[in-house]
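The values are calculated or read from the model by the stated rules, or taken from the named source; none is laboratory data. Note that the structure is a prediction, hence the values are computed from the model and not measured. Note: ideal-geometry Cβ built from the backbone for every residue, glycine included; neighbour counts use all protein chains shown.
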Amino acid sequence: MTISDERSAAFIALGISQQNQQPVSLVSTSGSAAYNFAPAIAEAFFQQIPLLIFTADRPTEWIDQWDGQTIRQQNIFGNHVKQSFQLPQEYIHPDAIWHLHRIVNEAIILSQSYPKGPVHINVPLREPLYPEKNEKITFSKNVKRISVAPTEQVLNDALKVSLLDKLKSYTRVLVVGGQQDYHEGLANALKSFSKTHHAALVGDIISNLHAIPGVIRNSDVFLGQCGEDVKKTLAPELLITFGKSVISKNLKQLLRKYKPVAHWHIQPNGNTADTFQSLTQLIHCSPQHFFEQLATREKNESFEHQKKSNYSSIWKAEENRTSRHVKDFFKEPQFSEFAIIKELLEALPARCNLHLANSMAVRYANFIGLSEKNKGVRVYANRGTSGIDGCTSTAVGHALSSEVPNILITGDMAFFYDRNAFWHNYPIPNLHVAVINNHGGVIFNLIDGPDNLKEKDEFFITNQKLTASHLASEFDFDYLKLDSPKKIKNLIKDFYEFDNRTKILEVISNRKSSKETFEQFKNTIKKSYEA
């Protein structure tokens, strides 16, 4: 497929790769076109999504010679690709052809080896670039292909015994899942492990652990409002982590302040990330295999098991308390972007992809969370770099490569910034977009620092007057305008009817009231601890 906007094209490729779990090739002309791939490549690098980036280039001798469409393209993406390759300029000698095939095979293999990620191939080309009239185009039939035998890093018997012995010595075991795709096998292994060892299991909405019974979904809510005495009771002795980034700043602050005695991080390979400043052991193994192998049940219950159970019960008590207060807060009908996102999440189709844009959309959704009944919902968000620039394009990539419903919840800034996600000739009837339009964003009114600056409105908040109705008209999408509480139920019902049309639901919001509602919500949780 061809996408006119290279930045959008790269994020669409990212979405396709994420959906299909296969490398996707990106091809651009030379010059600044290649540079426009950079934001998506950085996102793919930190989310470990395989991309193969082919950038056409001019011959080396013409770089820096004021010739058209030439920039310095070798290693243009720096440290945000796993490797950058340069193809030969000439293919006269047979070894040059062998070299070409070898490089491309190596790039494909590298993109798929753990951790997966983007790989760049720069392609210098000489003129003439176009075929002569009536020239016959032929393709090589015997293309060299190098396959890789699949292997899996597993725990050996000695390490398994050692880890189980250590595990028995800790009574306060906390498991934290970072961002990852949904894996049923991993979910089952975590369920068994947490039950066997009475471990508390915490997962943000982007961890895709919401289908597991007993998972702590609201940690970001209560950790931001409870007192230090409660936080101390929640601090673990052993922290076990897997996956990538965590949204919750409150959880990160808890674990950095009250450091565990031991911290194990589970990953097959790759860089060492010490997110909570407490890492003591890096275990190279697939998370599913780790939790399956260590879900070994002891024969006899003991006092130590009871203490473990008490610890996990403390987390569950805070979760249950918070769930009750969240439910009470939304009991009375209200027209706020926070309440409408709650309505949207509760009405999701049984099987769908849920895309959450940065900045407030993903935070609102994380505060509300998903439940076990949302087992068929797969959650995606560009939290590798946490930028707003390609959230819509990534969702478009998923929609183009799948038949399941794709729902994007986004803010006006992320939505209009990435409007070229729709600038192509491919239908996306299975994509429905909910846009929270408060004409400038709320996040800088809520986070500490910018919210108290007198320069906030000029330098932090973009006051924009756009409406999604014009965009919907341009691209021939169905448009729904939600601007009063009376319309909520009917419009959300219409929004979730997939009738072979792309739909945009625009929620007309107000920055001031949105801030007030969110502050009231946090105060409600805080007061529950003061009572």
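Residues in region 188-198 that are in contact with a Pro (Cβ under 9 Å, 6 or more places away or on another chain) and either closer than 21 Å to Asp220 by Cα or of a type in the set (S, T, N, Q) (or both): Leu190 only. Residue count for region 488-531, restricted to those that are within 23 Å of Gly440 (Cα to Cα) and either assigned to a helix (DSSP H, G or I) or not assigned by TED's automatic domain parsing to the domain that holds Trp423 (or both): 13. Number of residues in region 477-487 that are part of a loop (DSSP other than H, G, I, E, B) and either without any contact (Cβ under 8 Å) to a residue 12 or more places away in the chain or touching a Lys or Arg at 6+ places or on another chain (Cβ under 8 Å) (or both): the value is 1. So, Ala339, is that one within 19 Å of the chain's Cα centre (by Cα), small (Gly, Ala, Ser) and surrounded by 18 or more Cβ atoms within 10 Å (Cβ to Cβ) or not? When the stated conditions are applied, Ala339 does not pass them.
If I ask for residues that are surrounded by 17 or more Cβ atoms within 10 Å (Cβ to Cβ) and either among the basic types (Lys, Arg) or out of contact with any His (no Cβ under 8 Å at 6 or more places or on another chain) (or both), which ones from region 480-505 would you list? Matches in region 480-505: Leu480, Lys481, Leu482, Ile488, Leu491, Ile492, Lys503. When you look at Lys82, is it over 30 Å from Lys307 (Cα atoms), over 32 Å from the mean Cα position of the chain (by Cα) and either in contact (Cβ under 8 Å) with a residue 24 or more places away in the chain or surrounded by fewer than 16 Cβ atoms within 10 Å (Cβ to Cβ) (or both), yes or no? So Lys82 does not fit the description; no.
Okay, residues lined up against (1) in a helix (DSSP H, G or I); (2) modelled with pLDDT under 95; (3) within 19 Å of Tyr258 (Cα to Cα); (4) touching a strand residue (DSSP E or B) at 6+ places or on another chain (Cβ under 7 Å):
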{"position": "Gln277", "(1), (2), (3), (4)": "no, no, yes, no"}
{"position": "Leu282", "(1), (2), (3), (4)": "no, no, no, yes"}
{"position": "Gln288", "(1), (2), (3), (4)": "yes, no, no, no"}
{"position": "Phe291", "(1), (2), (3), (4)": "yes, no, no, no"}
{"position": "Ala295", "(1), (2), (3), (4)": "no, yes, no, no"}
{"position": "Asn300", "(1), (2), (3), (4)": "no, yes, no, no"}
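Please find, among Ser192, Ser219, the residue that is of a type in the set (Ser, Thr, Tyr) and in contact with a Leu (Cβ under 9 Å, 6 or more places away or on another chain). One residue alone meets the criteria, Ser219. Against the numbered list (1) buried (at least 24 other Cβ atoms within 10 Å of the Cβ); (2) touching a strand residue (DSSP E or B) at 6+ places or on another chain (Cβ under 8 Å), Ser25 comes up short only at (1).
Filtering region 389-423 down to residues that are surrounded by fewer than 22 Cβ atoms within 10 Å (Cβ to Cβ) and among the aliphatic types (A, V, I, L, M), which residue is nearest to His210 (Cα to Cα)? Taking the candidates together, the pick is Val404. Checking each residue in region 390-407 for being assigned to a helix (DSSP H, G or I) and within 17 Å of the chain's Cα centre (by Cα) picks out Cys391, Thr392, Ser393, Thr394, Ala395, Val396, Gly397, His398, Ala399. Please list, ordered by first then second residue, the pairs with beta carbon atoms under 8 Å, 6 or more apart or interchain, first in region 254-273 and in contact (Cβ under 8 Å) with a residue 24 or more places away in the chain and over 30 Å from Ser111 (Cα atoms), second polar (S, T, N, Q) and surrounded by 20 or more Cβ atoms within 10 Å (Cβ to Cβ). Every condition considered, no pair remains. Among the numbered conditions (1) in contact with a helix residue (DSSP H, G or I) (Cβ under 8 Å, 6 or more places away or on another chain); (2) surrounded by fewer than 24 Cβ atoms within 10 Å (Cβ to Cβ); (3) part of a loop (DSSP other than H, G, I, E, B), tell me where Asn382 comes up short. Condition not satisfied by Asn382: (2).
Matching residues to (1) part of a loop (DSSP other than H, G, I, E, B); (2) among the aliphatic types (A, V, I, L, M); (3) over 14 Å from the mean Cα position of the chain (by Cα):
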| position | (1), (2), (3) |
| --- | --- |
| Gln306 | no, no, yes |
| Ser309 | no, no, yes |
| Glu318 | no, no, yes |
| Arg324 | no, no, yes |
| Glu343 | no, no, yes |
| Ile388 | yes, yes, no |
| Ile409 | no, yes, no |
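Residues in region 65-98 that are aromatic (Phe, Trp, Tyr) and in contact with a strand residue (DSSP E or B) (Cβ under 6 Å, 6 or more places away or on another chain) were compared, and the one that is nearest to Phe54 (Cα to Cα) is Phe85.
If you take the residues in region 224-275 that are in a helix (DSSP H, G or I) and among the acidic types (Asp, Glu), which one is farthest from Lys307 (Cα to Cα)? Filtering region 224-275 for residues that are in a helix (DSSP H, G or I) and among the acidic types (Asp, Glu), the one farthest from Lys307 (Cα to Cα) comes out as Glu228.
Within region 214-237, not a single residue is in contact with a strand residue (DSSP E or B) (Cβ under 6 Å, 6 or more places away or on another chain) and over 27 Å from Ile525 (Cβ atoms).
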